[in-house]
Structure formats: C-alpha cells, structure tokens
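Engineer: Take this structure first; my questions come after.
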Amino acid sequence: PRHMDSVLDILDALESPARGGSPGTAAALGRGLGVCSTPGCRAVLGEPLGTPERPPALTPGQWQLLTELLHHDPATPELGAVLAPDGSTVALGPLLTGIEAGLRSGGFGRPLPTLDPPADPLLAVTITEALGTSFLLAKGVDNNATALGPGGCWDDVENPQNYTLRGPPSPVPDPVAIGAMDGAVLGARLAREPLPVAELLRGYYGTGNGSEAGRPSSSYRRRNFGALVGQGRLEKEVAAVLELLRTLSPTSELLRDVGTQQVAAVAQRAAREFSERYVECPAIMPRCLWGARPYRGTPAPLQPPLGSVFLHHTLEPSQPCQTFSACTRAMRDMQRFHQDTRGWDDIGYSFVVGSDGYLYEGRGWHWVGAHTKGYNTQGFGVGIVGDFTAALPDPDTLALVRDELLPCAVRFGHIRPDFTLHGHRQLSHTDCPGNALFQEIQSWPGFQ
C-alpha cells in the first residue's frame, strides 16, 4: 500500500548499519531516482550519480514501490504521494530533498554549496523553487490560472493504492505543498541534530494508520511551518530563488523578459496565496477521505456569502477524537445516524471539527445542511466532536475554529465580514453546544 508505513519499512532496511546503510542512503537514492530533477534543486544538492540499482537490503517489491514513488513526472504528480497516518497525503520528493538538505547542513555528508545569488538551500529544494516557477507560469497563461492545488482522494484509506487529484493539477498540488512543509520543518530539525530518518519520520507522523493515542506532530505542520518561515521570509526567498534560476539553464529562458519588479510581484503573490491556503487556513478532509456515503436525493445549493455560523457539539461521540482514524469513524457513525435514524439526506453539519487538527467536510460550502432548523439556508453549521457540557475542547481545537476557520471563511467569500455567530441553543430548544462551550464562544468575534 502507498502508506507512509510502507516507506518507513523501506527506510528501516536502507538505514540498517548491519546491511551497510546509513541516514543519507534514502536521500541519495531519491536523487538517483529523480526527486531532484529541477535546475534549482540540482544547483543545491548536485547532479545524481546515474541510475541506481536495487540495494540488496530491499525486496524487489519494495524497490518497485520506491522507484514508482520517487520517479518525478510533473504531468502525474499524484504518483509520488503516500497517505500519512494523520490522514494527509504527502509527496515524497520535497520531503526527501528537505531531509537531504537538512542532513548535509547539519554536517552529515558533503557540505551544501553557497548559492550565488544567495538563497536558502533548504527552502529552495522544498518549496520556493516550486512556488516561484508555478506562479511565474500561471502569470504567463492568464491571471486566473491556478498555481496551487488541487487536493485529491484515495481509493481506500485502509489500503491506499491509487490517488486521484480532484481537478486540473498545478505544479504545487496539495500533496506537494504538504511534502514541502514537512521537508522544511524536518530538514531544519536535522540541521540542528542529525538522526536516523526512519526514527525521525516515525516520531513525526506516528504509525499504524493513525490509530495511536494522540495527535502526531505532523498534524501541527501548518503552525510549525508558519513559525519557521513566515509570509515575509517566504516572499523574500521566492524572489531570491527566482533570481538564482535566472542564472541556470533552462529556467533562464523563462525569466528572460521578467524584470526585478515583476519577480517581486510574483514572489509577493506566491507567498501571500500559499500562506493563506496552507498556513493560515485549516486543512479540510474531503468526504472521500472519511468514507462518506453518497448524498440521498438532490442537494439544495446555498447562496454565498452567508450571514451566520451556528456552533454545535456532537454529544455523540462524547469524547473528542484525537486521531484521523477516530475522527473518520465518528464521521461515518454520525452520517449513518443522521441518514438511517433521523431520515435526513446526509450528515447534517456543514463541517465537523476533530481534535486531531482537521476539519471534516459534511455538506460543505455549497449545499444546504440540516443543523439548525429554520435557519439552514442562512448559515453554516459547525459541529465540534465531543460533549462540551462541563469541559471545553482543547485550546488548539478552539483556535482552529475561532482564529482559522472563521477568518478564512470570510476571506474566501463563504460568509460575510459582518457575520453573526450563534450557539445552537439560541435558535432551538436544546442544550447544544453545551454549557461550557456556549460560555466560551460569547467572547468570540461575531457572537450575538
């Protein structure tokens, strides 16, 4: 299966000193198999040493999987991605290049070159080259061309084999953005303290398809990447790497008629849009990833921007879900109850909030929900998994709704800037969203 656990098994075999391996083995193999195929990446990490052969530590099946995952083909970016235990889909290319850059700047292997003009080598091989060229190309096509996304769906999250993008690919689809953020965060860590890559990744992603007790570190990637880079620094580094690409073939041709001011404008737009989408806004797990049944009947469309947000607690399950597997199970149980017992067309909420760092798509931004009787066409219903009569969700989960979801919904035109926030009990005979949570939201922006 194309799961991170399969990759970790391969890394264990490659890094085993008993079999002649070391922490840099996987990264060097990745370069040989094509993960570092762009001019900027090669300027930082060097040219590959020719096509590698199967190391004796790997079975033919493992070698075939690794070769398929690391063979870079811009036309089919979804082939280089694996499903991580936190439910995110990670492109291995930028993850491995970030790891190699981190190891080498931490003194493990050949030192990294000093780039001229200067650019941060770790960010160049993970995100800034991809981001700069993507926005440069989009600008050349037309102003509405997409330079980021889309996300996608796995055929089966228990046994992931095939990943399909849900729209035309840009050079930075979601898995590349996620792999790049992880590569930058982990590369920075390795630069401070080189350690076995399999051990690092196991600690970061967790294992066993997300069935362990709490949130893995990877579910905090947006916050950690934002703390490491920040929008201002990202803009500066995108501009720097574009100036570097001016000196390299074949990208010099791409930048031939692009002046310094245009480079600055491209870098500003790239940093702003990337930060808005992948750092400041929460990740939303699409229905296909939690195993949603089809909608029954024909959904009624909403007319955005809407004026209200209605906050709920789910009551059942009463415990917050802290892992991808627990939250997806909760989503399926709620949908079954709403469809089979209540007789509704679908799960009632627009979105559900787990305590694993993710939002889960219910009826989503576009379809009328069944969450706040009499008001479903006027606002989005957001349910937080758990019973919050006596206790609150953890601070991260509250911040996800208050500081990320609500401002992002305004920014992208889903709700009006002067939206009102209500607890379910204000509009219906119910204790929802629980006394503790209702008390908490009275200090939030928009509460009425």
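Engineer: Could you check region 144-164 and list, in sequence order, the residues that are hydroxyl-bearing (S, T, Y) and either in a loop (DSSP other than H, G, I, E, B) or surrounded by 14 or more Cβ atoms within 10 Å (Cβ to Cβ) (or both)? Don't jump to the end; show me each part of the working.
Structural biologist: Taking region 144-164 and keeping what is hydroxyl-bearing (S, T, Y), we get 146, 163-164.
T146, Y163, listed by residue number.
Engineer: I've got another one for you. In the set R272, R287, which member is of a type in the set (K, R) and free of Cβ contacts under 8 Å to residues at least 60 places away in the same chain?
Structural biologist: The conditions single out R272.
Engineer: Considering only residues of region 330-355 that are of a type in the set (S, T, Y) and open to solvent by 10 Å² or more (accessible area, probe 1.4 Å), which is farthest from the chain's Cα centre (by Cα)?
Structural biologist: T341
Engineer: Which members of region 213-251 meet the condition of being in contact (Cβ under 8 Å) with a residue 40 or more places away in the chain, over 25 Å from A399 (Cβ atoms) and not in a helix (DSSP H, G or I)?
Structural biologist: Scanning region 213-251 gives T247, L248, S249, P250.
Engineer: Checking the conditions here, which among V35, V7 is touching a residue at least 40 places away in the same chain (Cβ under 8 Å), closer than 25 Å to P118 by Cβ and not polar (S, T, N, Q)?
Structural biologist: None of the other options fit; the residue is V35.
Engineer: Sticking with this structure for a sec: Of all the residues that make up region 363-377, how many are surrounded by 24 or more Cβ atoms within 10 Å (Cβ to Cβ) and without any contact (Cβ under 8 Å) to a residue 60 or more places away in the chain?
Structural biologist: 1
Engineer: Quick check, is A265 open to solvent by 20 Å² or more (accessible area, probe 1.4 Å), hydrophobic (A, V, I, L, M, F, W, C), within 26 Å of the chain's Cα centre (by Cα) and assigned by the TED database to the domain that holds P39? Give the derivation first.
Structural biologist: Numbers: open to solvent by 20 Å² or more (accessible area, probe 1.4 Å): yes; hydrophobic (A, V, I, L, M, F, W, C): yes; within 26 Å of the chain's Cα centre (by Cα): yes; assigned by the TED database to the domain that holds P39: yes.
So A265 passes the test.
Engineer: Of everything in region 285-329 that's surrounded by fewer than 17 Cβ atoms within 10 Å (Cβ to Cβ) and touching a strand residue (DSSP E or B) at 6+ places or on another chain (Cβ under 7 Å), which residue is nearest to V172 (Cα to Cα)?
Structural biologist: Step one: of region 285-329, the residues surrounded by fewer than 17 Cβ atoms within 10 Å (Cβ to Cβ) are 286, 288, 291, 293-301, 303-305, 307, 316-319, 329.
Filter again for touching a strand residue (DSSP E or B) at 6+ places or on another chain (Cβ under 7 Å), leaving 286, 288, 299-301, 305, 307.
Details: P286: 18, C288: 21, P299: 31, A300: 32, P301: 30, P305: 28, G307: 33 Å.
This residue is P286.
Engineer: Show the residue pairs that are 6+ apart or on different chains and have beta-carbon atoms under 7 Å apart, the first residue being within region 404-421 and touching a residue at least 60 places away in the same chain (Cβ under 8 Å) and over 20 Å from Y278 (Cα atoms), the second being assigned to a strand (DSSP E or B) and open to solvent by 20 Å² or more (accessible area, probe 1.4 Å).
Structural biologist: Listed by first residue and then by second, the contacts come to L421/F447.
Engineer: Among the residues of region 387-402, which ones are in a helix (DSSP H, G or I) and closer than 11 Å to P433 by Cα?
Structural biologist: none
Engineer: Now for a separate question. Could you tell me whether any residue of region 315-330 is assigned by the TED database to the domain that holds T420, out of contact with any Gly (no Cβ under 8 Å at 6 or more places or on another chain), of a type in the set (D, E, K, R) and closer than 23 Å to G152 by Cα?
Structural biologist: The answer is yes; a qualifying residue exists.
Engineer: Additional query: Residues P173, P117: which one is more than 19 Å from the chain's Cα centre (by Cα), open to solvent by less than 60 Å² (accessible area, probe 1.4 Å), farther than 22 Å from D9 by Cα and not small (G, A, S)?
Structural biologist: P117
Yes/no matrix, rows are residues, columns are (1) within 15 Å of L45 (Cα to Cα); (2) touching a helix residue (DSSP H, G or I) at 6+ places or on another chain (Cβ under 7 Å); (3) assigned by the TED database to the domain that holds R221:
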site: I99; (1), (2), (3): yes, yes, yes
site: P121; (1), (2), (3): yes, yes, yes
site: A147; (1), (2), (3): no, yes, yes
site: Q161; (1), (2), (3): no, no, yes
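Engineer: If you scan region 408-431, which residues turn out to be under 31 Å from the mean Cα position of the chain (by Cα) and not in a strand (DSSP E or B)?
Structural biologist: If the condition is that a residue be under 31 Å from the mean Cα position of the chain (by Cα) and not in a strand (DSSP E or B), then C408, A409, V410, R411, F412, G413, H414, H424 are the ones that fit.
Engineer: Give just the number: which of (1) surrounded by fewer than 16 Cβ atoms within 10 Å (Cβ to Cβ); (2) in a helix (DSSP H, G or I) does K139 not satisfy?
Structural biologist: All conditions are met except number (1).
Engineer: Being more than 21 Å from S218 (Cα to Cα) and either open to solvent by less than 20 Å² (accessible area, probe 1.4 Å) or not assigned by the TED database to the domain that holds G434 (or both) narrows it down to one of F419, F412, F380, so name that one.
Structural biologist: F380
Engineer: Report, by residue number, each residue of region 58-88 that is of a type in the set (S, T, Y) and in contact with a Lys or Arg (Cβ under 9 Å, 6 or more places away or on another chain). Please lay out each step first, then the result.
Structural biologist: Initial filter on region 58-88 (of a type in the set (S, T, Y)): 59, 67, 76, 88.
Once the filter is applied, which keeps residues that are of a type in the set (S, T, Y) and in contact with a Lys or Arg (Cβ under 9 Å, 6 or more places away or on another chain), region 58-88 yields T67, S88.
Engineer: Of all residues in region 386-403, which are open to solvent by less than 50 Å² (accessible area, probe 1.4 Å) and under 17 Å from C327 (Cβ atoms)? Spell out the reasoning first.
Structural biologist: First, pick out the residues of region 386-403 that are open to solvent by less than 50 Å² (accessible area, probe 1.4 Å): 386, 388, 393, 397-401.
Listed by number, the residues that qualify are G386, F388, P393, T397, L398, L400, V401.
Engineer: Here's something else I'd like to know. Can you tell me which residue among G183, G167 is in the same structural domain as T38 (by the TED database) and assigned to a loop (DSSP other than H, G, I, E, B)?
Structural biologist: None of the other options fit; the residue is G167.
Engineer: Being at pLDDT 95 or above, assigned to a helix (DSSP H, G or I) and either within 19 Å of P305 (Cα to Cα) or within 28 Å of the chain's Cα centre (by Cα) (or both) is the requirement here; does L405 meet it? Working first, answer last.
Structural biologist: Values: at pLDDT 95 or above: yes; assigned to a helix (DSSP H, G or I): yes; either within 19 Å of P305 (Cα to Cα) or within 28 Å of the chain's Cα centre (by Cα) (or both): yes.
It is true that L405 is at pLDDT 95 or above, assigned to a helix (DSSP H, G or I) and either within 19 Å of P305 (Cα to Cα) or within 28 Å of the chain's Cα centre (by Cα) (or both).
Engineer: Which of the residues belonging to region 39-60 are open to solvent by 50 Å² or more (accessible area, probe 1.4 Å) and either in contact with an Asp or Glu (Cβ under 6 Å, 6 or more places away or on another chain) or in a helix (DSSP H, G or I) (or both)?
Structural biologist: Selection gives R42, P60.
Engineer: Could you check region 1-21 and list, in sequence order, the residues that are open to solvent by less than 40 Å² (accessible area, probe 1.4 Å) and either basic (K, R) or not in a helix (DSSP H, G or I) (or both)?
Structural biologist: R2, H3, S16, G21, listed by residue number.
The values are calculated or read from the model by the stated rules, or taken from the named source; none is laboratory data. What you see is a predicted model; the values in this text were computed from it and never measured. Don't worry about glycine lacking a Cβ; one is built from the backbone with ideal geometry, like all the others, and counts go over all protein chains shown. With ligands, DNA and RNA removed, areas are computed over all heavy atoms of the protein, side chains included. Shrake-Rupley method; radii C 1.70, N 1.55, O 1.52, S 1.80 Å.
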